[in-house]
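Working notes for the structure below.
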Amino acid sequence: MLGALVHLAFGWRRATTWVSAASAGFVLATAIVLAVEVSRSGPVTAMAGLLRVDALSAFMVLVIGAVGLVATAATPAYFRAEIDDGRATARTAARHSLLVQLFLATMALAVLAANLGVVWVAVEATTIVTAFLVGQRRTRASVEAAWKYVVICSAGIALALLGTIVLNFAAAHAPGTAGLDLATLSAHASGLNPGVTRIAIALLVLGFGTKAGLAPLHAWLPDAHSQAPAPVSALMSGVLLSVAFYAILRVKVISDAALGAGFARTLLTVMALASLALAASLLIGQRDYKRMLAYSSIEHLGLVAFGAAIGSPLALTAALLHVFGHGLAKAVLFLGAGRVLQFTGTSQIDGVRGLIARHPALATTFGFGVLALAGLPPFSLFASELGIVRAGFTAGLGWQTTAALALVLVIAAALITNTSRMLLGAPSTSDTPAATPIPIALAGGLLACAVLGIVAGPLPALLDLATQPLAVTR
């Protein structure tokens with residue numbers, strides 16, 4: 001919020017260029033402090049109990065800070081190129097930075113809120129803020145994508161609102177659970193009316209699943225991600241989808257305690273496999289590399305949903321690790337795609353050839369980013385996907401896990417095939433020589449994703465604490 005006020009007061013100038021990155025860095029540093037505090041002393045509350053940080057919240061703030069730092073650190077170079085080419089002005093950059101800071105603030109609020117109603121308000125606020133960012137270029141395609149995003153996500157979030165109201169009704173008629181405090185609801189969920197709670201959970205999962213880009217209400221995602229400026233696409237894919245799924249995880253805890261594990265497991269498994277099948281079918285013949293990355297986001301959130309559906313500690317740990325690794329890799333790739341678009345002037349895969357010959361640093365980063373998305377070692381997505389598959393077979397979900405694995409392999413083949421066409425061959429005639437080196441933020445994000453896959457450091461302890469309340473107990 002302070003970063004937004006700075007950009008509102010002083011605009012975009014040399015002195016404020018790095019305010020957004022400093023803000024994201026501060027969020028990351030705060031997340032590390034919170035993670036240490038929570039690991040040592042348990043959950044922390046603030047503002048008369050309106051905000052609450054447990055291990056899961058601290059982990060999500062860590063993801064927001066890390067991915068936000070990668071995206072905002074690459075923003076100055078992105079806008080310098082946009083301004084130099086006449087596609088943006090200093091006023092555009094100032095408005096963008098202000099909205100990005102508000103975007104980060106609303107996502108932080110969503111994972112820090114102690115009340116489900118406040119979570120809903122924060123997720124809805126992300127829609128309002130990002131709608132202006134998606135339509136920032138004001139072209140016909142970007143404005144259409146912004147409206148599509150608003151309409152579909154508003155429909156989904158309306159379902160979540162209805163689910164919140166129904167759940168509040170169930171809590172009001174159960175002993176000791178009046179209100180929407182998440183910790184209280186989880187502790188007393190066994191007293192909720194099963195029929196009413198089943199309706200509420202279905203509405204909440206579908207509603208927040210819309211914002212997470214899961215099928216069947218996923219249609220906004222490819223347009224919004226492909227039309228938004230590269231730093232915004234990086235944040236939307238790398239963080240926003242995961243924040244929306246965080247809300248689903250909180251709801252799943254209530255569902256498992258009130259209805260048993262079967263209801264949420266079935267619902268999430270269907271949505272996960274549908275998302276994977278959709279991504280696979282549309283990636284095979286994809287012609288736009290930004291839409292290719294967007295459909296890949298649907299795939300990876302589908303994998304996270306499948307891990308949550310399995311519900312074992314291993315599956316949940318792998319799902320949370322997947323959230324972090326996907327956020328870093330996808331931020332790097334969308335930022336890289338933005339640079340490719342600036343250099344070549346086209347988002348068509350067939351319009352980009354020989355990228356490695358003309359822009360070797362950018363091509364190398366982009367290529368390794370795609371390998372990370374494909375789940376190859378040493379990147380953390382390899383470890384997390386392996387954990388989800390192993391947990392699925394152990395939990396007795398053999399055919400579902402086999403189907404998910406087969407779809408992931410199809411998607412990986414499509415990603416690698418399309419990317420190799422862009423990187424190899426004779427350079428495109430419309431391409432221009434690289435004027436600036438690839439931002440360090442992209443290399444740093446990719447390196448962090450690789451390090452996370454080799455040495456998780458102190459994260460396992462935090463992940464163990466985060467998954468304890470989420471794991472299926474009956």
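Any read-out appearing in this document is the output of simple, stated calculations on the displayed coordinates, not a laboratory observation. Computed from a prediction, not measured in an experiment: that's the story for all the values here. Cβ atoms come from the backbone with ideal geometry, glycine included; neighbour counts cover every protein chain shown.
Quickly rank 223-233, 153-163 as a protection proxy: mean count of other C-beta atoms within 10 Å, highest first. All intermediate terms of the calculation are to be shown ahead of the outcome.
Numbers: 223-233: 26.2, 153-163: 20.0.
Top of the packing list down: 223-233, 153-163.
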*Enter the angle in degrees (range 0 to 90, nearest 10) between the Cα long axis of helix 90-112 and the first principal axis of the Cα atoms of the chain, meaning the one along which they spread out most.*
20
*Report, in whole Å, the centroid distance computed from the Cα atoms of the range 232-273 and the range 346-402.*
22
*Spin-label zone in the range 43-87 - amide nitrogen under 16 Å from a point set 7 Å from the Cα of Ala471 along the C-beta vector*: 55-56
*Normalised by the number of residues in the chain, what is the relative contact order in percent for Cα pairs under 8 Å and 6+ residues apart?*
16
_Estimated inter-spin distance, Asp350 and Ala22, nm [label 7 Å along Cα→Cβ]_ = 4.8
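First select every other residue whose beta carbon is under 15 angstrom from the beta carbon of His218; then total the charges, Lys and Arg +1, Asp and Glu -1.
Details: positive: Lys148, Lys211, Arg291; negative: Asp223, Glu299.
Around His218, the surrounding residues sum to +1.
Applying a 10 Å radius around every beta-carbon, put 300-311, 389-400 in order of their mean neighbour count, most first. It would help to have the intermediate numbers written out before the result.
Values: 300-311: 28.6, 389-400: 16.8.
Sorting 300-311, 389-400 by mean packing, highest first, produces 300-311, 389-400.
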_Length-normalised contact order for the range 247-303 - Cα pairs under 8 Å, 6+ apart - percent_ = 32
*All aspartates and glutamates inside 19 Å of Lys290 as judged from Cα atoms, apart from same-chain residues fewer than 8 positions distant*: Glu82, Glu144, Asp223, Glu299, Asp350, Asp431
*Could you pull out the pairs from Lys148/Lys330; Lys148/Lys211; Lys148/Lys252 whose alpha carbons sit more than 19 Å apart here?*
Lys148/Lys330; Lys148/Lys252
*Difference of contour (0.36 nm per residue) and Cα-Cα distance, Arg287 to Ala187*: 31.1 nm
*Select from the range 231-322 those trypsin sites (Lys or Arg not before Pro) which occupy a DSSP coil region and have at most 13 other Cβ atoms within 10 Å, ordered by residue number.*
Arg287
*With each label point set 7 Å from Cα along the Cα-Cβ vector, what nm distance links Val143 and Ala48?*
4.4
*asked:* I need Val151, Val340, Val38, Val118 ordered by Cβ neighbour count within 10 Å, fewest first.
replied: Val151, Val118, Val38, Val340
*Compute the long axis of helix 360-373 from its Cα atoms, compare it with the longest principal axis of the Cα atoms of the chain, and write down the angle in degrees, 0 to 90, nearest 10.*
20
*Does anyone have the angle between helix 116-134 and the longest principal axis of the chain? Alpha-carbon axes, 0 to 90°, nearest 10?*
10
*Quote to one decimal, in nm, the extra length available between Arg14 and Leu405 on full extension: 0.36 nm per residue of separation minus the C-alpha distance between them.*
135.9 nm
